[in-house]
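Readers should treat all values here as calculations from the given coordinates under stated rules, not as data from a laboratory. Please read all numbers here as calculations on a predicted model, not as lab measurements. Positions of Cβ are generated from backbone atoms using ideal geometry, with glycine treated the same way; all protein chains shown enter the neighbour counts.
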């Protein structure tokens, strides 16, 4: 089994006739999916998604893949293939198109419609796009693409087979094998078998649920659970789910109709996405069930259903604002029901439990995955992955989409079905894998890090160092020290004046350290230190030692020494 190694060298030039695969995101994390394929001097990109920040990313709105490895070669990009419409697969596309706006976009009808709305929000022109569906085959430069229907938690998801002179790659995208999907569109195992007969040289497989034994539960099993929750509720119901989960919204709409309730969408992305899904025929909205949210508020509580964003506890989402009692027109009452019809994305657990606690404190009954079957995964469990390996019989396997533990579990499944160790590649973001003469091998790496979006700022100004500073400010507080020195006498002429935030609001806290600062500065000046920067470092050391010893804290220390 090939593993990434921290001492990997820069990748050598690509050998003639070989295919290169580089993940710029999505390996070792759940999100930020982006894979670049290179053959014969040309590039193909599959997916371009975002990762949502965790608590240790204060002030960050989104995390993008690192485009640096291809930034100088964007003119070589033949197309960007989007496997489905989730944010972790399409969300970074506007940022890539800012760098080259005419990259051809390839995807299913719903995927490109959701992306089109996103591009308009970013005020980007509609670029060249190719709507494809399962069974279609289309070539871009040296890449011959064939699309295969796969089932996922959003309609219209596709796997893609990429044929090149180096062999065939089959990329599953995100998928599962629900045999009773709500829309009747099953994962096309016949196509997988046909491609396997032709010969799949490299199989890139979704690893998200590889640790979960058996088969993923059917979506249709959620319907009766929602129906029961609606039956038991005597007041308003709020259903929170992903703004792209068309099937879950459909089930909520159906339950509302069955219980004579009206429905309103809450959250800009929910309103936008469900309108797109309805217009394209992916969402069946029964007549007279949808009303404006403010109109819904005029109805008796027992006839109200709100379908909301915020199932991941996002701070600015509708549900979070409802939980904090600062939503403009939705106010929870004792006895209301909140249904969190989604998974917990790793890293979001604390935020989700904050929302659950917030709405519980307001007297609402909370139904969530932990106490009812109100969500099933969109990803194949171990049983389904084994099934796929036995059907496809790939020559080489490269697990994708998941944390390292998920990818290792996926690799173990491949090995169990007979794929030799030396034909299984576990890579990480930036690791370069070449498919040459029927073998996939790790050959090097490219620099590949996180790119942070902070409001309107992208990357550049936001570094790991600045994030570390933000974490210190949030967790440990801030101390500023202003001191004026007389360079002639070598004495402190004013100060030190000290202020703190998030550490100690009472300035008298610092009375014991001020004489130490004065002594340290004057001693340094008597020894010939006159540079203000060096004197500031003297102050930082004195205050750092004192605060650590006296208070066991490590606040951000900002010393300022002014020469009079």
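Hey, fewest Cβ within 10 Å first, where do 354, 405 land in order? Please report the intermediate quantities before stating the final value.
Working: 354 15, 405 12.
Neighbour counts put them in this order, fewest first: 405, 354.
Kindly state, to the nearest 0.05, the FRET efficiency for residue 494 paired with residue 350, given R0 = 56 Å and r defined as their beta-carbon distance. Intermediate results must be reported in sequence, preceding the final value.
Details: r = 45 Å, r/R0 = 0.81.
The value I calculate is 0.80.
How big is Rg to Rh over segment 24-125, alpha-carbon atoms, Rh as the Kirkwood inverse-mean-distance radius? Walk me through the intermediate numbers first.
Numbers: Rg = 13.3 Å, Rh = 13.8 Å.
We get a ratio of 0.96 for segment 24-125.
Taking the convex hull of the Cα atoms, report for segment 129-193 its projected area averaged over all directions, in nm². Don't skip to the answer; put the middle values down first.
Numbers: hull surface 19.2 nm².
So the mean shadow area of the Cα hull is 4.8 nm².
I'd like to compare 200-210, 281-291: which one has the highest average count of other Cβ atoms within 10 Å, and what's the full order after that? List each step's numbers first, then the result.
Numbers: 200-210: 26.3, 281-291: 13.8.
Ranked by mean Cβ neighbours within 10 Å, highest first: 200-210, 281-291.
Once the piece of chain linking residue 480 and residue 179 is laid out straight, how much longer is it, given 0.36 nm per residue of separation minus the C-alpha distance between them? The partial results should precede the final answer.
Numbers: separation 301, 0.36 × 301 = 108.36 nm, distance 6.28 nm.
Taking 0.36 nm per residue and subtracting the Cα distance, the gain is 102.1 nm.
Ordered by packing density, taken as the mean number of other Cβ atoms within 10 Å over each peptide's residues, highest first, how do 416-426, 77-87 rank? Mind showing how you got there, number by number?
Numbers: 416-426: 16.7, 77-87: 25.1.
Peptide ranking by packing, descending: 77-87, 416-426.
Nearest 5 is fine: what % of DSSP beta bridges in the chain come out antiparallel, could you say? Each step should come with its number before you reach the end.
Details: 51 of 97 bridges.
Of the beta bridges lying entirely in the chain, close to 55 percent run antiparallel.
Describe numerically, in nm with one decimal, the distance between label points set 7 Å from Cα along Cα→Cβ at residue 16 and at residue 390.
For residue 16 paired with residue 390, the spin-label model returns 4.4 nm.
Output the direction-averaged projected area (hull surface divided by four) of the convex hull of the alpha-carbon atoms of segment 53-204, in nm².
Details: hull surface 42.8 nm².
The orientation-averaged projected area of the Cα hull of segment 53-204 comes to 10.7 nm².
Given C-alpha coordinates of segment 477-563, what is the ratio Rg to Rh with the Kirkwood estimate of Rh?
On the way: Rg = 12.3 Å, Rh = 12.9 Å.
Taking Rg over the Kirkwood Rh, I get 0.96.
For segment 219-367, what is the percent of antiparallel DSSP beta bridges, rounded to the nearest 5? The partial results should precede the final answer.
On the way: 0 of 17 bridges.
Here the antiparallel bridges make up roughly 0 percent for segment 219-367.
What does the convex hull of the Cα atoms come to per residue for the chain, in Å³? Could you put the intermediate results ahead of the total?
Numbers: hull volume 105.8 nm³, N = 564.
Spread over its residues, the Cα hull of the chain gives 188 Å³ apiece.
For segment 219-367, what is Rg from Cα atoms divided by 2.2 N^0.38 Å, rounded to two decimals? Write down the numbers at each step before the final one.
Working: Rg = 14.0 Å, N = 149, 2.2 N^0.38 = 14.7 Å.
Normalised Cα radius of gyration, segment 219-367: 0.95.
Taking the Cβ of each residue in 48, 241, 448 as the centre, tally the other Cβ atoms inside 10 Å and list the residues starting with the fewest. Before the final figure, lay out the partial values.
On the way: 48 30, 241 26, 448 21.
Final ranking by Cβ density, sparse to dense: 448, 241, 48.
Quick check: residue separation of residue 371 and residue 333 times 0.36 nm, minus the Cα distance between them. What number comes out in nm? List each step's numbers first, then the result.
Values: separation 38, 0.36 × 38 = 13.68 nm, distance 2.14 nm.
Length difference between fully extended and current span is 11.5 nm.
Only bridges whose two residues both fall in segment 477-563 count here: according to DSSP, what percent of them are antiparallel, nearest 5? Each step should come with its number before you reach the end.
On the way: 8 of 16 bridges.
Beta bridges within segment 477-563, antiparallel portion: roughly 50 percent.
Suppose only helical runs count, i.e. DSSP H with n ≥ 4. What mean residue ellipticity at 222 nm does that imply for the chain under -39500 (n - 2.57) per run, divided by all residues and rounded to the nearest 500 deg cm²/dmol?
Working: 16 runs with 165 residues, N = 564.
Roughly -8500 deg cm²/dmol at 222 nm, from the helical runs in the chain.
Based on the Cβ-Cβ distance from residue 194 to residue 295, what FRET efficiency comes out when R0 is 56 Å, to the nearest 0.05?
Calculated value: 0.60.
Of 302, 219, how do they rank once you tally other Cβ atoms within 10 Å and put the fewest first?
On the way: 302 13, 219 24.
The fewest-first ordering by Cβ neighbours comes to 302, 219.
Could you give the nm distance between label points at residue 404 and residue 541, where each point is 7 Å from its Cα heading toward the beta carbon?
So the two model labels end up 3.7 nm from each other.
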